[in-house]
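Reading through the structure tokens given below for one structure.
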Amino acid sequence: MDYSLAALKLLCVQLKSAVQTPSQNSFTLGGILFQRAWLQGILVSAPCSTDSGGNGQFLLDDGTGVIELILSGDFRSRRWEAGRSISFL
């Protein structure tokens, strides 16, 4: 991870428009190169959620769209519940 690159606060609709740059393991959006994004919204589905049927996906809705989050390590093992307002970086 290159922490000298920007960490952008994005909407889901913007993140979906980002373009991956294979040579640098990063993304670009509007000419800005980044590897990390800050998203904020409502968790509408989580693997352990009884409300969503526990479909195995982490889905975040920020009002502009829904995006699937891929969590790793410690974050994946936490208890997540649909309906919670969350913020990720």
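Of all residues in the stretch 61-89, which are hydrophobic (A, V, I, L, M, F, W, C), out of contact with any helix residue (DSSP H, G or I) (no Cβ under 7 Å at 6 or more places or on another chain) and either modelled with pLDDT of 75 or more or in a loop (DSSP other than H, G, I, E, B) (or both)? Spell out the reasoning first.
So in the stretch 61-89, the residues hydrophobic (A, V, I, L, M, F, W, C) come out as 66-67, 69-71, 75, 80, 82, 86, 88-89.
Then drop every residue that is not out of contact with any helix residue (DSSP H, G or I) (no Cβ under 7 Å at 6 or more places or on another chain), which leaves 69-71, 75, 80, 82, 86, 88-89.
Within the stretch 61-89, Leu69, Ile70, Leu71, Trp80, Ala82, Ile86, Phe88, Leu89 meet the criteria.
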Taking the stretch 41-58 and keeping only residues that are surrounded by 19 or more Cβ atoms within 10 Å (Cβ to Cβ) and at pLDDT 90 or above, one is left with Gly41, Leu43
Restricting attention to the stretch 1-44, the residues that are touching a residue at least 24 places away in the same chain (Cβ under 8 Å), outside any strand (DSSP E or B) and over 22 Å from Phe58 (Cα atoms) number exactly 3
Matching residues in the stretch 5-41 (within 16 Å of Leu89 (Cβ to Cβ) and small (Gly, Ala, Ser)) number 6
When the stretch 9-45 is checked residue by residue, the ones that are more than 19 Å from Gly65 (Cα to Cα) and under 13 Å from the mean Cα position of the chain (by Cα) are Gln35
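The values are calculated or read from the model by the stated rules, or taken from the named source; none is laboratory data. Just so it is clear, the structure is predicted and the values come from calculations on it, not from any experiment. Counting neighbours? That spans all protein chains shown, and the Cβs are built from the backbone with ideal geometry, glycine included.
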